[in-house]
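Visitor: One structure follows; several queries about it will come next.
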Amino acid sequence: MKKEIKTSNAPEAIGTYSQAIATESLLFISGQIPLDPKTMNIVDGIENQIRQTFLNVENILKEENLAFENVIKLTILLDDLDNFELVNEVMTDLFQKPYPARAAYEVSKLPKNSSIEIETIAVKIL
């Protein structure tokens, strides 16, 4: 069984996908980009983009009464892998050990010319 998760505190889906899908034990969050959910515009500056993207993830987690501690896997797409260390710095502010499993890739282009996209898997029962 799966349930669609939607919140106005994160950007609306801009295609044929759901913000997130929940199962009994897992939450799968679609790739989030640094859109301000109020304006649906990309925020300025790479650090702001990274933080906004994680904020969007956090707001979807909250819809299922979850937090960053429930995150077990992140896939991070960057338009410039030189920004990877900045992602690590931001994650240090948001996550505690044990950190989630993670993969990071540099890609040639992201939706709406974003600098970052983050896909997330969280577990509901710790």
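Residue-by-condition table, conditions (1) part of a helix (DSSP H, G or I); (2) open to solvent by less than 40 Å² (accessible area, probe 1.4 Å):
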residue	(1), (2)
S18	no, yes
G31	no, yes
I50	yes, yes
V57	yes, yes
I60	yes, yes
K73	no, no
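Yes/no per residue for (1) touching a residue at least 60 places away in the same chain (Cβ under 8 Å); (2) out of contact with any helix residue (DSSP H, G or I) (no Cβ under 8 Å at 6 or more places or on another chain); (3) among the hydroxyl-bearing types (S, T, Y):
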| residue | (1), (2), (3) |
| --- | --- |
| N48 | no, yes, no |
| F68 | no, no, no |
| E85 | no, yes, no |
| E89 | no, yes, no |
| E119 | yes, yes, no |
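Visitor: Return the residues of segment 85-126 that are under 17 Å from G31 (Cβ atoms), of a type in the set (F, W, Y) and either over 15 Å from the mean Cα position of the chain (by Cα) or open to solvent by less than 100 Å² (accessible area, probe 1.4 Å) (or both); say none if nothing qualifies.
Guide: Listed by number, the list is empty, since nothing qualifies.
Visitor: If you check A10 against the conditions, is it open to solvent by 50 Å² or more (accessible area, probe 1.4 Å), small (G, A, S) and either in contact (Cβ under 8 Å) with a residue 24 or more places away in the chain or touching a His at 6+ places or on another chain (Cβ under 8 Å) (or both)?
Guide: no
The values are calculated or read from the model by the stated rules, or taken from the named source; none is laboratory data. This structure is a prediction, so every number in the text was calculated from the model and none was measured. Glycine gets a Cβ as well: all are built from the backbone with ideal geometry, and neighbour counts include every protein chain shown. Only protein heavy atoms, including side chains, enter the accessible area calculation; ligands, DNA and RNA are left aside. Shrake-Rupley method; radii C 1.70, N 1.55, O 1.52, S 1.80 Å.
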